[in-house]
C-alpha cells in the first residue's frame, strides 16, 4: 500500500500517517523529518534545503524529488509506505508519479484531510514548535491555498483522491481512512 497524506499545516497529517503506518505495518516517509534530519546531519541536500525550511518556503522541486528518489530506493519501502508532507504542488505530484513509474510503483490513494482554516491555525499554534511562529504559519497557510489545494484536482482526475473530514477525533478519522484503503 502506497499512500500520500495531504492537508494544511495542523490538519493531522503526521498523526494519521503514524496511525496508518502502525495499522498497515509500512514505513512513514515524513518530509519534515527527512528535511530536519538532512539539515541536522549537514548533508549536501540538507544544506540546499535549510534556508527554505527556516523561512517557511517550499523547498524547490528538484531538491525534493532528489530527496525522495534516494529514499524510495531503500529496502524498507519495498512493500509500501505512507508519504506525509509531500507532494505539495500538482507539479510535484506529477514528478512523483514519474519517479514512481521509474521505480515500478504507483500511489494507491492520496488522502486529503479536510480541515477548516481556523482549525488549522489554532492546531498549529498549539504545537509550539520552533518553526511554527505565527508569521511562518501564515506563510504556510498562504502557500497551502495557492499551491497545494490544486493538487486535489490532479488526484481526483486519476481517481486516487480520498477526502476525509479531518476536523474530528483522530481515531474516527483513522477508521474512515482504513475502511476505504482496506476495501
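What follows draws every value from the coordinates through simple rules; no lab data is involved. Note that the structure is a prediction, hence the values are computed from the model and not measured. Backbone-built Cβ (ideal geometry, glycine too); neighbour counts: all protein chains shown.
Mind checking which residues of region 14-30 are touching a helix residue (DSSP H, G or I) at 6+ places or on another chain (Cβ under 8 Å), assigned to a helix (DSSP H, G or I) and buried (at least 19 other Cβ atoms within 10 Å of the Cβ)? Matches in region 14-30: 16, 19, 20.
Whether any residue in region 85-95 is touching a strand residue (DSSP E or B) at 6+ places or on another chain (Cβ under 9 Å) and on the phi > 0 side of the Ramachandran plot is what I want to check. Give the steps one after another, and end with the answer.
If we filter region 85-95 for residues that are touching a strand residue (DSSP E or B) at 6+ places or on another chain (Cβ under 9 Å), which is where we start, we get 85-88, 93.
If we keep only those that are on the phi > 0 side of the Ramachandran plot too, we end up with 85.
Yes: one or more hits.
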